[in-house]
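Student: Handing you this structure, nothing more for now.
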């Protein structure tokens, strides 16, 4: 369960790195989209752990990461 959670948690970051390596411009919109996708991904991972009756630490960790990512995105999207 530990390895699976870590792998699924790092998957979006690996995809972001692959997009940078492919030459996709790292502009503001790209970062905002990544934060949105990562926040939703982390919340989904939290719910998946909850449905599988995983340890409460995994649920809290991924829910917290998801909410932080979505919060950072909301704050960053308001700035000009």
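Student: Can we say residue 46 is without any contact (Cβ under 8 Å) to a residue 24 or more places away in the chain, surrounded by 10 or more Cβ atoms within 10 Å (Cβ to Cβ) and either outside any helix (DSSP H, G or I) or within 15 Å of the chain's Cα centre (by Cα) (or both)?
Tutor: So residue 46 fits the description; yes.
Student: Checking residue 53 against (1) at positive phi; (2) crowded, with 18+ Cβ neighbours inside 10 Å, which test does it fail?
Tutor: Here residue 53 clears every test but (2).
Student: Give all pairs with beta carbons closer than 8 Å in which a residue from the range 1-24 that is at pLDDT 80 or above meets a residue that is outside any helix (DSSP H, G or I) and surrounded by 11 or more Cβ atoms within 10 Å (Cβ to Cβ); count only pairs at least 6 apart in sequence or on separate chains.
Tutor: 5/54
Student: Going by what's in this entry, would residue 41 be described as in contact (Cβ under 8 Å) with a residue 24 or more places away in the chain and closer than 24 Å to residue 77 by Cα?
Tutor: Considered against the rule, which asks whether it is in contact (Cβ under 8 Å) with a residue 24 or more places away in the chain and closer than 24 Å to residue 77 by Cα, residue 41 comes out as yes.
Student: While we're here: Would you point out the residue of the range 1-25, among those that are more than 30 Å from residue 57 (Cα to Cα) and surrounded by 11 or more Cβ atoms within 10 Å (Cβ to Cβ), that is farthest from the chain's Cα centre (by Cα)?
Tutor: Residue satisfying both the conditions and the ranking: 24.
Yes/no per residue for (1) within 15 Å of residue 6 (Cα to Cα); (2) surrounded by fewer than 17 Cβ atoms within 10 Å (Cβ to Cβ):
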| site | (1), (2) |
| --- | --- |
| 35 | no, no |
| 39 | no, no |
| 60 | yes, yes |
| 66 | yes, no |
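The values are calculated or read from the model by the stated rules, or taken from the named source; none is laboratory data. Model, not experiment: these values are computed from the prediction. Every residue, glycine among them, receives a Cβ derived from its backbone with ideal geometry; neighbour counts consider all protein chains shown.
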